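Novice: The structure's right below; bear with me while I get my questions together.
The values are calculated or read from the model by the stated rules, or taken from the named source; none is laboratory data. The shown structure was predicted, so the numbers you read here are calculated from the model rather than taken from an experiment. Here the Cβ is made from the backbone with ideal geometry for all residues, glycine too, and neighbour counts use every protein chain on show.
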């Protein structure tokens with residue numbers, strides 16, 4: 001699958017002109033957040049850095065990082081999504097960028113989250129490899145992806161709740 005990043009940016013920016021992108025009910029978010037917080041280890045504590053890669057409008061990000069003491073970030077390809085995220089959440093630093101080519105140094109984050117984005121990626125393995133590059137040794141990488149159209153996304157969703165320490 002070839003991802004046309006310009007087409008995705010155009011689609012999502014147009015969408016965000018008149019819509020939000022809040023795909024779960026509040027109870028659905030709470031299930032994800034409670035599970036992720038139990039798996040995050042020390043990644044949300046003071047002195048740590050946590051990032052949501054593919055944060056979209058920050059609907060999950062702002063809920064996940066609401067009570068975090070860590071320095072928190074969200075990054076998305078679509079500038080319109082980042083504008084919406086910043087409107088709702090001033091504490092997290094939101095950036096426009098490509099999660100396949102992160103502008104962060106190696107070993108920078110204690111916690112990396114992919115929130116419903118991996119099914120958009122042409123190469124999930126190279127996307128995860130880039131995440132591993134910026135993840136500190138001993139850090140945690142978590143993902144949820146409700147898309148069951150692709151085998152890798154299905155496995156990621158069915159594997160939900162598993163955390164592998166790097």
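Novice: Hey, does segment 142-153 have a residue that's modelled with pLDDT of 90 or more, surrounded by 18 or more Cβ atoms within 10 Å (Cβ to Cβ), touching a strand residue (DSSP E or B) at 6+ places or on another chain (Cβ under 9 Å) and under 23 Å from residue 34 (Cα atoms)? Write out each step before concluding.
Specialist: Filtering segment 142-153 for residues modelled with pLDDT of 90 or more gives 142.
Checking which are surrounded by 18 or more Cβ atoms within 10 Å (Cβ to Cβ) leaves us with 142.
Retained after the next criterion (residues that are touching a strand residue (DSSP E or B) at 6+ places or on another chain (Cβ under 9 Å)): 142.
Now drop any that are not under 23 Å from residue 34 (Cα atoms), which leaves 142.
The answer is yes, given that some residue of segment 142-153 is modelled with pLDDT of 90 or more, surrounded by 18 or more Cβ atoms within 10 Å (Cβ to Cβ), touching a strand residue (DSSP E or B) at 6+ places or on another chain (Cβ under 9 Å) and under 23 Å from residue 34 (Cα atoms).
Novice: Could you tell me which of the residues 59, 70 is touching a strand residue (DSSP E or B) at 6+ places or on another chain (Cβ under 8 Å) and either surrounded by fewer than 23 Cβ atoms within 10 Å (Cβ to Cβ) or modelled with pLDDT under 95 (or both)? Step through it out loud before you land on a result.
Specialist: Values: 59 fails: touching a strand residue (DSSP E or B) at 6+ places or on another chain (Cβ under 8 Å).
The match here is 70.
Novice: Still on this structure, I have one more. I'd like to check something: does segment 131-142 contain any residue that is touching a helix residue (DSSP H, G or I) at 6+ places or on another chain (Cβ under 7 Å) and in a helix (DSSP H, G or I)?
Specialist: Step one: filter segment 131-142 for residues touching a helix residue (DSSP H, G or I) at 6+ places or on another chain (Cβ under 7 Å), giving 140-142.
Restricting the remaining residues to those that are in a helix (DSSP H, G or I) gives none.
Looking for residues that are touching a helix residue (DSSP H, G or I) at 6+ places or on another chain (Cβ under 7 Å) and in a helix (DSSP H, G or I), one finds none in segment 131-142, hence no.
Novice: Please determine whether any residue of segment 93-114 is closer than 13 Å to residue 55 by Cβ and at pLDDT below 90.
Specialist: No.
Novice: Tell me which residues, restricted to segment 96-116, are surrounded by fewer than 22 Cβ atoms within 10 Å (Cβ to Cβ) and touching a residue at least 60 places away in the same chain (Cβ under 8 Å).
Specialist: Correct list: 98 only.
Novice: OK, next. Kindly indicate whether any position in segment 95-106 is out of contact with any helix residue (DSSP H, G or I) (no Cβ under 8 Å at 6 or more places or on another chain) and outside any loop (DSSP other than H, G, I, E, B). Quick ask: steps written out before the conclusion?
Specialist: Of segment 95-106, the ones out of contact with any helix residue (DSSP H, G or I) (no Cβ under 8 Å at 6 or more places or on another chain) are 97, 103.
Going one step further and asking which of them are outside any loop (DSSP other than H, G, I, E, B), we end up with none.
No, segment 95-106 contains no residue that is out of contact with any helix residue (DSSP H, G or I) (no Cβ under 8 Å at 6 or more places or on another chain) and outside any loop (DSSP other than H, G, I, E, B).
Novice: Do we find a residue being touching a helix residue (DSSP H, G or I) at 6+ places or on another chain (Cβ under 6 Å), modelled with pLDDT under 75 and either in a helix (DSSP H, G or I) or surrounded by 17 or more Cβ atoms within 10 Å (Cβ to Cβ) (or both) anywhere in segment 14-28? Explain how you work it out, then say what you get.
Specialist: Here is the first cut: in segment 14-28, the ones touching a helix residue (DSSP H, G or I) at 6+ places or on another chain (Cβ under 6 Å) are 16, 22.
In the following step, the residues that additionally are modelled with pLDDT under 75 were identified as 16, 22.
Subset that is either in a helix (DSSP H, G or I) or surrounded by 17 or more Cβ atoms within 10 Å (Cβ to Cβ) (or both): 16.
Within segment 14-28 (the criterion being touching a helix residue (DSSP H, G or I) at 6+ places or on another chain (Cβ under 6 Å), modelled with pLDDT under 75 and either in a helix (DSSP H, G or I) or surrounded by 17 or more Cβ atoms within 10 Å (Cβ to Cβ) (or both)), the answer is yes, since at least one residue qualifies.
Novice: Follow-up question, since we're still on this one. If you take the residues of segment 82-94 that are in a helix (DSSP H, G or I) and in contact with a helix residue (DSSP H, G or I) (Cβ under 9 Å, 6 or more places away or on another chain), which of them is surrounded by the most Cβ atoms within 10 Å (Cβ to Cβ)? Even if it seems obvious, please write down each step before you answer.
Specialist: Going residue by residue through segment 82-94, those that are in a helix (DSSP H, G or I) are 82-88.
Imposing the further condition that a residue be in contact with a helix residue (DSSP H, G or I) (Cβ under 9 Å, 6 or more places away or on another chain) reduces the set to 83-85, 88.
On the way: 83: 15, 84: 23, 85: 25, 88: 15.
Taking the candidates together, the pick is 85.
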